[in-house]
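Peer 1: Handing you a structure now.
The values are calculated or read from the model by the stated rules, or taken from the named source; none is laboratory data. As the structure is a prediction and not an experimental result, all values here were calculated from the model. Cβ atoms come from the backbone with ideal geometry, glycine included; neighbour counts cover every protein chain shown. With ligands, DNA and RNA removed, areas are computed over all heavy atoms of the protein, side chains included. Shrake-Rupley method; radii C 1.70, N 1.55, O 1.52, S 1.80 Å.
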Amino acid sequence: MIMLKNMVKTQLLLLFLVGFSSVAALSKSELVDLAKLAEQAERHEDMVEYMKELVHLSGMLTDEQRNLLSVAYKNVVGQRRSAWRITKSIEDRHQEKEEEESEELASGYRKEIEKELEAVCKEVLGLISKLLGTVDSTVQPIEAKVFYLKMKGDYLRYLAEIGATEKEEAGKSYEAAWKQADTMPATHPIRLGLALNYSVYYYEIVNDAAKACELAKKAFDDAIEEMDNLKEDSYKDSTLIMQLLRDNLTLWTAEQEEETGQQEFEEEF
């Protein structure tokens, strides 16, 4: 695995040495190839740059390119969300102990992370708005619209986590996506992924565990009823998300019954 990553990094370096130093000078196919290489090399910041340029260049993405865009930003934002949560926890701990100097230091650092997180979220939201304007020209417009509206809801939710936007904004995007997804098969991975993240929104942002459980259970039960029609190419993704939905239901139901406090939950497919 280490050897493979080193080979990929070498490939990336060679591409730049032969003249690919300017992202704007790259063709669509070169941008896609470099995004794939960057993903393998775990250089997600680079991956974001390639996919961002591709959106500006083409204005419309294929299913594969759409997934690359999602993976790129998910990893870049995921790192900052994790850093924010850790720093906020440390800040709160210092506050409880009335350690003002340490609390102030942690608070300042948290705010720096918030700025980065907010900037990246707003950047991808701008790209999503552009892509939503092209979905009617895609091969499967409903699927594309649900994908982008779900993605929009996700990044608005991340902003709501740090108080950078109203929580209702994320809810509106999820609701719009859910209405569009009504015509999709219950086992479709995009629909299931939407149900997973929409239920997390209710649980974590709205603090409505009952609604979160209701939504997750319905999505899971509906998918179970259509398992016989599940396509082979989406079997792995669909069953994985169904497992995450069930895991969340187990945790959330236990919390409601036992009132044991906050527990970890699965999200982000």
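Peer 1: Could you work out the equivalent-ellipsoid semi-axes for the chain, taking the square root of 5 times each eigenvalue of the Cα gyration tensor, largest first, in whole Å?
Peer 2: Working through the eigenvalues yields semi-axes of 31, 28, 17 Å.
Peer 1: Quick one: if you stick a label point 7 Å off each Cα along the C-beta vector at residue 83 and residue 33, how many nm between them?
Peer 2: 3.2 nm
Peer 1: Quantify, in whole percent, the carbon and sulfur part of the accessible surface of the chain (1.4 Å probe; protein heavy atoms only).
Peer 2: Its accessible area is 50 percent carbon and sulfur atoms.
Peer 1: What net charge is computed for the residues neighbouring residue 173, neighbours being all others with C-beta under 14 Å from the C-beta of residue 173, Lys and Arg scored +1, Asp and Glu -1?
Peer 2: That works out to +2.
Peer 1: How big is the gap, in Å, between the Cα center of segment 49-117 and the Cα center of segment 221-260?
Peer 2: With segment 49-117 and segment 221-260 each reduced to a Cα centre, they are spaced 28 Å.
Peer 1: With springs only between Cα atoms under 10 Å apart, run a GNM on the chain and tell me which of 182, 233, 63 wobbles the most.
Peer 2: 233
Peer 1: While we're on this one: How much length, in nm to one decimal, is gained on full extension between residue 206 and residue 109, taken as 0.36 nm per residue of separation minus their Cα-Cα distance?
Peer 2: Answer, rounded to one decimal: 32.3 nm.
Peer 1: So how far apart, in nm, are the two label points at residue 67 and residue 250 if each is 7 Å from Cα heading toward Cβ?
Peer 2: 2.7 nm
Peer 1: Sequence neighbours fewer than 8 away in the same chain don't count; with that in mind, list the lysines whose C-alpha is under 29 Å from residue 218.
Peer 2: Here the lysines satisfying the reach criterion relative to residue 218 are 74, 145, 150, 152, 167, 172, 179, 231, 236.
Peer 1: At 1.4 Å probe size, with every protein chain present, just tell me what the per residue accessible area of the chain comes to in Å².
Peer 2: Ligands and nucleic acids excluded, the figure is 55 Å² per residue.
Peer 1: Right, next: Hey, if you put +1 on the Cβ of every Lys and Arg and -1 on every Asp and Glu Cβ in the chain, which of 41, 27, 251 ends up farthest toward the positive end of that dipole?
Peer 2: 27
Peer 1: Additional query: Taking a ≥ b ≥ c as the square roots of the eigenvalues of the Cα gyration tensor of segment 63-129, is the shape rounded (a/c under 1.5), prolate (a/b larger than b/c) or oblate?
Peer 2: prolate
Peer 1: Compute the relative contact order of the chain as a whole-number percentage, counting only Cα pairs closer than 8 Å that sit 6 or more residues apart in sequence. Write down the numbers at each step before the final one.
Peer 2: Values: 280 pairs, mean separation 29.1, N = 269.
Over the chain, the number comes to 11 percent.
Peer 1: Continuing with this model, one more query. For segment 172-184, what does the Karplus curve 6.51 cos²θ - 1.76 cosθ + 1.60, with θ = phi - 60°, yield as ³J(HN,Hα) per residue in whole Hz, taken in order and with x for Gly and Pro?
Peer 2: Per-residue couplings from phi come out as 4, 5, 4, 4, 4, 5, 5, 5, 5, 6, 4, 8, 8 Hz.
Peer 1: While we're on this one: Expressed in nm to one decimal, what extension gain is obtained for the pair residue 225 and residue 92 from 0.36 nm per residue of sequence separation less their Cα-Cα distance?
Peer 2: Values: separation 133, 0.36 × 133 = 47.88 nm, distance 4.53 nm.
Working it through step by step, the gained length comes to 43.3 nm.
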